[in-house]
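Since the structure comes first, as structure tokens, the remarks are kept for the end.
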Amino acid sequence: MNVPARNKVSYGPRSSRSPTSNSYSATRDRSDALAAAVAAHPSRYRVLTATPEIPGLDGRKMSKSYGNAIALSMTADQTATLIRRTRTDAHRTITFDPEHRPGISALLTTAALCTGIDEQTLATDIGDAGAGALEKFTADAVNDYFAAHRRRRADLARDPEFVRTVLRTGNERADEIANRTLDEVRAAMGTTY
């Protein structure tokens, strides 16, 4: 049985769809050039932090879509309520064990980020006081940490025209920087025309 080929497209022996074509080589060369540009200026392209991923209150990465994030717009009471809802376990002694105790460990990490005290030390300090004490400590630490930010946010909310001006000025500056960066990338990749 002969079935006619439908929508058969021939790209030819050295087309851009073939991995052995010149365009593949050019793409690889451009990719290498971009990698070299990033390597030459790592501080421009990388953000290094002691906590590359902040855990949410359930142990997964913090995300609004997961519903495990603490928002700056929350009041102190809303923050405390959210922290108290964190799933913990029945073990009285507080230990830092992200794999087996994700809720407890997430609370310890959140408190550590806000206080500057490492998780192991916090766990030892709270010890046998239990999850309730850890939740209270974490809520207090988060609320203390965000207090100045929340006051500033409330001040800004009272002056929306100032906020619009700052955003407009920031957008203009960001556009200038982005255009300069794109020009550098195009030059490094050899795509300036």
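Rule-based calculations on the coordinates, nothing more; no lab input. This structure is a prediction, so every number in the text was calculated from the model and none was measured. As a convention, Cβ positions derive from the backbone with ideal geometry for all residues, glycine included, and neighbour counts pool all protein chains shown.
Just the residues that are of a type in the set (Gly, Ala, Ser) and exposed (fewer than 10 other Cβ atoms within 10 Å of the Cβ), please, taken from segment 155-171. Please lay out each step first, then the result.
If we filter segment 155-171 for residues that are of a type in the set (Gly, Ala, Ser), which is where we start, we get 157, 170.
Across segment 155-171, there are no qualifying residues.
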Restricting attention to segment 76-117, which residues are surrounded by 14 or more Cβ atoms within 10 Å (Cβ to Cβ), under 28 Å from ARG151 (Cα atoms) and free of Cβ contacts under 8 Å to residues at least 24 places away in the same chain?
ALA112, ILE117
Filtering segment 82-104 down to residues that are basic (Lys, Arg), more than 23 Å from the chain's Cα centre (by Cα) and more than 19 Å from SER63 (Cα to Cα) yields ARG92
